[in-house]
Amino acid sequence: MSERTFRRNYKKFFDWLDLNWQLIMLYAQIDQVEIIAAIDCSYLPKAGKSTYGLDKFFSSVAGRAKKGLEISLLCLINTENGKAWSLDVSQTPAGLSTKQDDPDAPTRINHYMDQLKEAQTHLKDIKYIVADGFYAKNKVFKTMDQLGKSLITKLRPDANLRYLYKGPKTGKRGRPTQYDGKVDWKNLDLSKWDYIGTDDKYEYLEIYTQVLNSPRFKRNLRIVMVVNTKTNKYILLACTDKNLDARTILKYYQLRFKIEFLFRDAKQFCGLTHCQARSKEALHFHFNLSLAAVNVAQVILNSDPAIKSMNVLVRKAYNRRLVECLFSQLSSNAEFDLNHPEVQSAIALGASNYS
């Protein structure tokens, strides 16, 4: 196919959400184990002036906002084997307000939540959605309420939280006492927390939990405090499902990092950052094609134990294409078998170094 054919097809509509969903239905075992959803964004470098969506977005590598593009990825994660599958990719438009909790202006958070709403039909059996601390916003909590989902996220280490009053009634007139004071993170009273134990994998991580009230989010949350005994530092996880146990909350948040592997594989092996298109439609097609290719690669990896990594898969695909190209340049009378052991040895050249 010519470059013109690719360019024309990139402007056509394709239901990537449905394609990814069909792959997940066939290969992710979603009817057998608990599946959670995760959402996150990734910065993509892009030069030029006329590219759709060009704006300043935060780059975690640079640690600051840079000019480029951004995509929002919604994925599903198998909680048993930890494998993540891309479900939907949406490019963040330019010009949206970065004041994420501004109730009057359309913000980037609004865009991310619209993505969740559009994929709702494929999330009806998903109860928990996991996101990093950036998504700990009022708009996100309200959207989760509307969708009937529970959010697991990370809070600031100095989050404004209050203990719930659990003592006897005071006997005084008026509204019953609801809160038992603000949490003092500098002089934390661990007697008010439930000690769960250490992490199953990392024994130096101690787990504490309590249901606390958040004045900012106007709700009670199951808070999980994970203390690193090596550094004496801690992180705070929050879940809107107050009945979910602390270990499961920690496990699900740890699984959130699987979405980063989808970004990594798409960038390293599936050309996520190699698109020269400028139009909204072509960019949408390319971004979704790249993440869908990661899904297809995962299907191949699951079906062939001999291919142990994306590196091996890409190397063998490249070698096979090279051998086929060489065969096509030889005499039409010559006979070659791609399955011949010596030809297969050439196809596997270099792949063993990446296993």
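How do E206, E34, E3 line up, fewest other C-beta atoms within 10 Å first?
E3, E34, E206
Net charge within 12 Å of K316 by Cβ-Cβ distance, Lys/Arg positive one each and Asp/Glu negative one each, not counting K316 itself?
+3
Let me know the number of lysine pairs in segment 1-82 closer than 19 Å at the Cα, not counting same-chain pairs under 8 apart.
Lysine pair count for segment 1-82: 7.
Quick one: helix 246-255 against the long Cα principal axis of the chain, what's the angle to the nearest 10°, folded into 0 to 90?
It is inclined by approximately 30 degrees.
Dipole of the chain (Lys/Arg Cβ +1, Asp/Glu Cβ -1, origin at the Cα centre): which of Y128, Y195, S290 lies farthest to the positive side?
Y195
Enumerate the lysines that K166 could reach by cross-link, defined here as Cα to Cα under 21 Å, with residues fewer than 8 away along the same chain left out.
Hits, sequence-local ones excluded: K182, K192, K218, K242.
Return the Cα extents of the chain along principal axes one, two and three, sorted largest first, each rounded to a whole Å.
Principal-axis extents of the chain (Cα, largest first): 100, 46, 37 Å.
Could you tell me which residue out of I77, Q210, Q29 lies farthest along the dipole of the chain toward its positive end? Charges go on the beta carbon: Lys and Arg +1, Asp and Glu -1, centred on the Cα centre.
Of the options given, the answer is Q210.
Nearest 10 degrees, 0 to 90: what angle lies between the long axis of helix 138-147 and the longest principal axis of the chain (Cα atoms)?
In the chain, helix 138-147 runs at an angle near 80 degrees to the longest axis.
With an 8 Å cut-off on Cα pairs and a minimum separation of 6 or more residues, tell me the relative contact order of segment 153-244 in percent.
Computed over segment 153-244, the figure is 28 percent.
How big, on average over all directions, is the shadow cast by the Cα convex hull of segment 153-244, in nm²?
Value for segment 153-244: 7.0 nm².
Would you mind counting up the charge near D31? Only other residues with Cβ under 14 Å from its Cβ, with Lys and Arg at +1 and Asp and Glu at -1.
For residues surrounding D31, the net value is -2.
Once the Cα atoms of helix 280-303 and of the chain are each reduced to a long axis, what angle between those two axes, in degrees from 0 to 90 to the nearest 10, is obtained?
That works out to roughly 80 degrees.
So for V89, V314, V226, V296, fewest C-beta neighbours within 10 Å to most, what's the order?
V296, V314, V226, V89
Over the chain, calculate the relative contact order: mean separation of alpha carbon pairs under 8 Å at least 6 apart, over the residue count, as a percent.
16
If the only charges are +1 at each Lys and Arg Cβ and -1 at each Asp and Glu Cβ, what is the size of the charge dipole of the chain around the Cα centre, to the nearest 20 debye?
1760
Is segment 246-327 rounded, prolate or oblate when judged by the Cα gyration tensor, a ≥ b ≥ c being the square roots of its eigenvalues, rounded requiring a/c under 1.5 and prolate requiring a/b larger than b/c?
Oblate is the answer for segment 246-327, as a/c is 1.5 or above yet b/c matches or exceeds a/b.
So for the chain, taking the charge dipole from beta-carbon charges (+1 Lys/Arg, -1 Asp/Glu), which of Y163, C41, N339 sits furthest toward the positive end?
The Cα lying farthest towards the positive end belongs to Y163.
Readers should treat all values here as calculations from the given coordinates under stated rules, not as data from a laboratory. Everything numeric in this text was worked out from a predicted model, so none of it was measured. Ideal geometry is used to build each Cβ from the backbone, glycine not excepted, and the neighbour counts take in all protein chains shown.
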